[in-house]
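Beneath this line is the structure, given in structure tokens, with notes to follow.
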Amino acid sequence: MTTTTDVIAIEKDHLLQVYRRGPVVFDRGRGCRLFDTNGRSYLDLISGVGVAALGHAHPRLAAAVGAQAQELLHTSNLFFHPLQGELAARLSSLSGLPRAFFCNSGTEAVEASLKFARRYWRSQSQPTRTGYVALEHAFHGRTMGSLSVTWDDHYRAPFAPLVPGVTFVPADDPAALRAAVTEGTAALIVEPIQGEGGVRPLGADMAAAISEVCARTGALLIADEVQCGLGRTGRPFYSEVLGLKPDIMAIGKSLGAGVPIAAALFTDRVAASASFGDHGSTYGGNLLACRGALVFLEELVDGGLMAHVAKVGAHMEARLRDLATRHAYIRAIRGAGLMWGIDLDRPAAPILEAALGQGLLVNRTAETVIRLLPPYIITAAEVDEAIGLLDAALHAAFGGPRT
Ligand code: PLP
């Protein structure tokens, strides 16, 4: 039998060492729980960084993916298959953006968004309108284009030079935004709730300024909903909650509920600039990926999962705010639905190990923030259990009162 030690040892010898992993090997999951190779159970409040929206080993998803594998997995984009159009149509009714380009990861969805913003201006005979404006603390991905609009120098510096022409403005400074977006800006890209940056929803004044500058200058608005979109907040997209009307939207993560698929969605106006051969992806939107996404959307919309997220999310918020009253070092609770950040007045790293010790999986972002991205199927009872475990982990890591 392969032991935890064997798994870690072979990775150490053969994998590019870019991930600092927790010392656990998972080989099974069910609902909101993961099981390690020793059979220990963990309550999963990360869901593979916001991916496993239907939880683990979801019976309908597993059956549909298995059945699809028996029929046909992949044909490339050289030919038609029955599922891409159906999926695009479903996304269109959810988002109001009628055209989709399918790819395999969030960063690719952002690449497509950035490329077609420039493509649009070229089609308008403005080929020099190539600038991008992004927000400080933004995270949009790791490929060259998306990295160029990602803020953190830690990710950027080793790979410079990046795409030129990107201006960053503070995420809470409407005046700086007004000054930065000009008639040379191809697009402004924003996460309606910054995820990696510390779970920070954009403020209403910033949202109003975004709409205003886009209307004034014509700059396209790209909403990066990879993390906060597709029902995670109890609404289809958080840009809609903020009153934003994106021209382009990047989605991914929960879209395939674990099957890798992402998409860029476009208005007809932007999509009209695309020509055959402009962009592409070998795997993008293959039958397996589309099948997974169709099951996810059926559960989300027809199966009432989005309404469940809104309800259980409100319960989670109440429990987190209560937790904050009992630990003085919690300085803020931020988020919506089932996307929450617990901002501490100190580094959050010790909590990860303490939580693991309690059989709870949480994640840290932006140094001081404990991030929670549970599966959408989490129940109120599981939320209560998680809060109890988190309370115990906080106590174990930092001391202070117990529930
Ligand atoms: N955009 C946002 C807002 C994200 O949170 C992420 C990943 O965390 C990405 C893009 C990149 O997605 P992926 O890791 O699937 O490339």
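The values are calculated or read from the model by the stated rules, or taken from the named source; none is laboratory data. The model shown is predicted, which means the values in this text are computed figures rather than measured ones. All Cβ positions, even for glycine, are placed from backbone atoms using ideal geometry, and neighbour counts span all protein chains on display. Calculation scope for accessible area: heavy atoms of the full protein, side chains included, ligands and nucleic acids excluded. Shrake-Rupley method; radii C 1.70, N 1.55, O 1.52, S 1.80 Å.
Would you mind checking the tilt of helix 305-326 against the longest principal axis of the Cα atoms of the chain, expressed as 0 to 90 degrees and rounded to 10? With rounding to tens, the tilt is 60 degrees.
The residues packed around Ala208, meaning those with a beta-carbon under 15 Å from its beta-carbon, carry a net charge of -2 if Lys and Arg are +1 and Asp and Glu are -1. Rolling a 1.4 Å probe over the protein chains gives Val199 an accessible area of about 0 Å². Give me the lysines in straight-line cross-link reach of Lys12: C-alpha distance below 28 Å, same-chain residues under 8 apart excluded. Hits, sequence-local ones excluded: Lys253.
Overall, the accessible surface of segment 72-302 at a probe of 1.4 angstrom is composed of carbon and sulfur to the extent of 56 percent.
Ligands, DNA and RNA are left out, and with a 1.4 angstrom probe the accessible area of segment 2-122 is 58 Å² per residue. The heavy atoms of Tyr155 offer some 60 square angstrom of accessible surface to a 1.4 angstrom probe.
When shorter helices are ignored and each DSSP H run of at least 4 residues is given -39500 (n - 2.57), the per-residue value for the chain at 222 nm works out to -12000 deg cm²/dmol.
Around the Cα centre of segment 27-140, unit charges on the Cβ atoms of Lys, Arg, Asp and Glu (plus for the first two, minus for the last two) sum to a dipole of about 300 debye. For Arg99, the accessible area of its heavy atoms, probed at 1.4 Å with every protein chain present, is near 130 square angstrom.
When each of the peptides 78-90, 35-47, 290-302, 210-222 is scored by the mean number of other C-beta atoms lying within 10 Å of its residues, the order from highest to lowest reads 290-302, 210-222, 35-47, 78-90. With the Cα gyration tensor of segment 182-331 giving a ≥ b ≥ c as the square roots of its eigenvalues, does the rule (a/c under 1.5 for rounded; else a/b larger than b/c for prolate; else oblate) give rounded, prolate or oblate? In terms of gyration-tensor shape, oblate. Using the Cβ of Leu177 as centre and a radius below 14 Å, the other residues enclosed give a net charge of -3, where K and R count +1 and D and E count -1. By definition, a body whose alpha carbon gyration tensor gives a ≥ b ≥ c is oblate when a/c is 1.5 or more and a/b is not larger than b/c, and segment 86-128 fits this oblate description.
Once the Cα atoms are used to define both axes, helix 380-398 deviates from the longest principal axis of the chain by about 70 degrees. With the convex hull of the Cα atoms taken as the outline of the chain, the averaged projected area works out to 20.2 nm².
About the centre of its Cα atoms, segment 72-302 shows a dipole size close to 500 debye [charges on the beta carbon of Lys, Arg (+1) and Asp, Glu (-1) only; nearest 20 debye]. For segment 1-55, the carbon plus sulfur part of the accessible surface works out to 55%, probe radius 1.4 Å.
For helix 204-217, what angle does its Cα long axis make with the longest principal axis of the chain, in degrees from 0 to 90 and rounded to 10? Relative to the chain, helix 204-217 is tipped by roughly 20 degrees.
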